[in-house]
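Accompanying notes for the structure given below.
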Amino acid sequence: MKEHPILFSGEMVRAILEGHKTQTRRVVKNPERLDGLMLAGEEPDWCPYGGPGDRLWVRETWGVGTRPCPHRGWVDGIEYRADTAYLEGPDLLHLRTDVEPPDTFEFDAVPDGWRPSIHMPRWACRTVLEVVSVRVERLQEITEEDARAEGFPDPPGQNRMYPDRARYWFQNLWDSINAKRGHPWDLNPWVWVVEFQKEATK
């Protein structure tokens, strides 16, 4: 079993925590390696997110907070932007105080404000995912069911007049993240399809 970091936006973190995101699609960085394998009907084995049984630890936007507690005085902990997006002000319930930072980490030495997900250390992670399956496909092969598994916010059975509603939502979500990186929906790139289940929330 191996562990791999993976970045998610606040919207997708909330979808994972709420239990309706169980898939993610990521661009295959070296698609030229796929040609022979796909012709032979074989799956590649170099996915940077591991394989079945491996774990993904979620990197998300985070920060260090100090909040007053009626029974414990001022308390240090970690905050997550995905949580505080719901809040109008600070809330002690959203301050994680069970973290175990390294001895060299000083809460007071970290500047206020949110820190990018790419800079989240492993000890600050709260969510671990278990990889269930990995496959490669063209982006536009995504089905309506798979688009819902990507975190589509509407419950199944809604908007029946629009059968491709989840795919349309995913197409727009994809382009908002990847078009500027040179991988728009219209180019139909090869993608890793990683299916996972939430293993633990720490």
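The values are calculated or read from the model by the stated rules, or taken from the named source; none is laboratory data. Source: prediction; values computed, not measured. Positions of Cβ are backbone-derived with ideal geometry, glycine not excepted, and every protein chain shown enters the neighbour counts.
Per-residue answers, yes or no, for (1) surrounded by fewer than 19 Cβ atoms within 10 Å (Cβ to Cβ); (2) assigned to a strand (DSSP E or B); (3) aromatic (Phe, Trp, Tyr); (4) in contact with a helix residue (DSSP H, G or I) (Cβ under 9 Å, 6 or more places away or on another chain):
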residue	(1), (2), (3), (4)
Asp108	yes, no, no, no
Leu129	no, yes, no, yes
Val134	no, yes, no, no
Glu137	yes, yes, no, no
Glu145	yes, no, no, yes
Arg148	no, no, no, yes
**Prompt:** From the list Met1, Met12, Met38, which residue is hydrophobic (A, V, I, L, M, F, W, C), more than 18 Å from the chain's Cα centre (by Cα) and at pLDDT 80 or above?
**Reply:** Met1
**Prompt:** Just for the stretch 128-178: of the residues that are at pLDDT 95 or above, of a type in the set (Val, Ile, Thr) and in contact with a strand residue (DSSP E or B) (Cβ under 8 Å, 6 or more places away or on another chain), which one is nearest to Asp83 (Cα to Cα)?
**Reply:** Val128
**Prompt:** List pairs: first in the stretch 55-72 and in a loop (DSSP other than H, G, I, E, B) and modelled with pLDDT under 85, second surrounded by 19 or more Cβ atoms within 10 Å (Cβ to Cβ) and not aromatic (Phe, Trp, Tyr), Cβ under 9 Å, 6+ apart or cross-chain?
**Reply:** none
**Request:** Would you check which residues across the stretch 183-197 are touching a Ser or Thr at 6+ places or on another chain (Cβ under 9 Å) and either of a type outside the set (A, V, I, L, M) or outside the structural domain of Trp46 (by TED's automatic domain parsing) (or both) and list them?
**Result:** Trp192, Glu195, Phe196, Gln197
